[in-house]
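The values are calculated or read from the model by the stated rules, or taken from the named source; none is laboratory data. Since we're looking at a predicted model, the values are computed, not measured. Here the Cβ is made from the backbone with ideal geometry for all residues, glycine too, and neighbour counts use every protein chain on show. SASA here: full protein model, heavy atoms, side chains in, ligands and nucleic acids out. Shrake-Rupley method; radii C 1.70, N 1.55, O 1.52, S 1.80 Å.
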Amino acid sequence: MTLKEVATRAGVSPMTASYTFSKPGRVAPATRELVREAAAELGYRPDAVGRALRSGRTQQLGVVFGEHLSYAFDDPQAAQFLAGVAEVCVAEVFGVTLIPTRGDTSDVDRVLSAAVDGYVLWTTAEDDPVLDAVGGDPRPAAIQGGPRRDGIACVTQDDYQAAFAVASQALGEDRAPVVLSFPADRSRRSAVATGADLPADVLFPVTAARLRGYRDAIEASGRTWAETPVAVAPRNTRGEGAAAARRLAPGLPANTLVIAMSDELALGAYEALHATHPDTAYTGWDGSRPALELGMWSVTNPLREQGRRCARIVVGGDGGGDADATAGRFVPWSVRRGPLPREHR
């Protein structure tokens with residue numbers, strides 16, 4: 001059974017019948033229904049593989065995660081990012097193919113062999129070989145947070161300035177800072193160190209920019225970055241935030257400020273420390289309701305909008321109006337603090 005026979009049965013042109021299955025938004029709803037009824041009567045099933053081979057298009061967007069795939073659903077901010085990607089894909093009649101990477105030599109082949117029309121990448125490390133592979137591929141690509149590579153558009157916020165701003169505001173209360181950091185590299189080792197012990201080359205660009213912002217705010221407040229305790233959490237979860245805070249707890253003074261790279265880490269630290277260190281203050285990142293309800297400072301981080309912008313770039317939109325595909329597309333941010341809980345007023 002052919003599409004031409006379906007078109008004849010429905011009384012439409014072959015192109016209209018084709019658009020019903022490949023670009024339904026271009027066909028009036030009543031006409032789409034006629035074509036689909038004719039297809040059902042004749043037992044016709046669209047040949048997606050054949051159509052992709054003829055057109056060179058799969059109508060699939062590949063989302064590359066350098067994490068365990070469950071991370072995309074467990075981390076609230078990763079889920080927000082995916083929701084933004086999905087919004088654009090629904091509007092443009094694209095499917096989404098999730099492509100996890102494992103940090104081994106098979107990553108490049110797995111990504112480049114995916115039957116997709118372009119790539120959206122979750123932020124990764126500078127030494128990730130997938131970056132150069134995707135940047136050299138003719139299919140369009142965009143990355144959230146970086147690193148930047150030729151051929152890959154970067155959608156991000158100014159992590160340095162935001163980190164400097166949130167730490168500066170919170171340090172105004174004359175508190176002793178400690179930092180809960182994302183990993184420095186893809187080994188994702190947990191550690192407790194000081195600012196002086198951190199590696200010179202932090203390979204995750206988001207981590208590196210935020211550390212620089214915290215460092216400069218702490219130094220500007222008259223404190224010493226080299227002596228500031230830093231706990232590295234291998235994953236962005238409340239459990240890891242709690243574990244990192246417990247490693248720091250024995251030496252914490254009463255007037256501590258926990259500066260965390262995410263609300264999830266800050267909330268985990270709060271759960272671990274509140275009973276023994278009730279006067280500790282916290283900063284996070286993402287502007288989540290739970291953090292603001294506890295009176296934390298937080299940076300708004302519109303990851304849903306970043307997901308939308310990345311997807312628009314890949315499916316053919318302007319992604320924010322910047323004609324240079326390799327340029328950064330910055331999204332706005334602000335520092336917020338929720339009302340203090342009653343016991344802290």
Number of the condition not met by THR237 [criteria: (1) open to solvent by less than 20 Å² (accessible area, probe 1.4 Å); (2) under 12 Å from LEU180 (Cα atoms); (3) touching a residue at least 60 places away in the same chain (Cβ under 8 Å)] = (1)
note = Result of the Cβ filter at 6 Å on segment 266-288, keeping first residues that are of a type in the set (Gly, Ala, Ser) and partners that are open to solvent by 20 Å² or more (accessible area, probe 1.4 Å) and part of a strand (DSSP E or B), at least 6 apart or interchain, is GLY287/THR300; GLY287/ARG336
ask   = With respect to the numbered conditions (1) farther than 16 Å from LEU257 by Cα; (2) among the aliphatic types (A, V, I, L, M); (3) touching a Leu at 6+ places or on another chain (Cβ under 9 Å), which one is the sole condition not fulfilled by ALA226?
value = (3)
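If only one of ALA217, ALA231 is of a type in the set (Gly, Ala, Ser), within 13 Å of MET261 (Cα to Cα) and crowded, with 20+ Cβ neighbours inside 10 Å, which one is it? Spell out the reasoning first.
Numbers: ALA217 fails: within 13 Å of MET261 (Cα to Cα).
Sole residue among the options that is of a type in the set (Gly, Ala, Ser), within 13 Å of MET261 (Cα to Cα) and crowded, with 20+ Cβ neighbours inside 10 Å: ALA231.
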note = Selection over segment 116-161 where residues are more than 16 Å from VAL206 (Cβ to Cβ), outside any loop (DSSP other than H, G, I, E, B) and either open to solvent by 10 Å² or more (accessible area, probe 1.4 Å) or touching a Pro at 6+ places or on another chain (Cβ under 7 Å) (or both) yields a count of 5
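Which residue out of ALA39, ALA7, ALA72, ALA48 is open to solvent by less than 30 Å² (accessible area, probe 1.4 Å), aliphatic (A, V, I, L, M) and modelled with pLDDT under 80?
Numbers: ALA39 fails: modelled with pLDDT under 80; ALA7 fails: modelled with pLDDT under 80; ALA48 fails: open to solvent by less than 30 Å² (accessible area, probe 1.4 Å).
Step by step, each of ALA39, ALA7, ALA72, ALA48 is checked, and only ALA72 is open to solvent by less than 30 Å² (accessible area, probe 1.4 Å), aliphatic (A, V, I, L, M) and modelled with pLDDT under 80.
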ask   = What number of residues within segment 119-134 satisfy the criterion of being in contact (Cβ under 8 Å) with a residue 40 or more places away in the chain and in contact with a strand residue (DSSP E or B) (Cβ under 6 Å, 6 or more places away or on another chain)?
value = 6
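Report, by residue number, each residue of segment 162-195 that is open to solvent by less than 50 Å² (accessible area, probe 1.4 Å) and of a type in the set (S, T, N, Q).
Applying the first criterion (open to solvent by less than 50 Å² (accessible area, probe 1.4 Å)) to segment 162-195 yields 162-163, 165-168, 170-171, 175-185, 188, 191, 193-195.
Selection gives SER168, SER181, THR194.
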The one condition in (1) within 18 Å of GLU173 (Cα to Cα); (2) open to solvent by 50 Å² or more (accessible area, probe 1.4 Å) that ILE259 fails to fulfil = (2)
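Among the residues of segment 175-210, write down those that are among the hydrophobic types (A, V, I, L, M, F, W, C) and touching a residue at least 40 places away in the same chain (Cβ under 8 Å). Before you say what the answer is, go through the steps one by one.
So the first thing to find is which residues in segment 175-210 are among the hydrophobic types (A, V, I, L, M, F, W, C), and the list is 176, 178-180, 182, 184, 191-193, 196, 198, 200, 202-204, 206, 208-209.
Within segment 175-210, ALA176, VAL178, VAL179, LEU180, PHE182, ALA184, ALA191, VAL192, LEU203, PHE204, VAL206, ALA209 meet the criteria.
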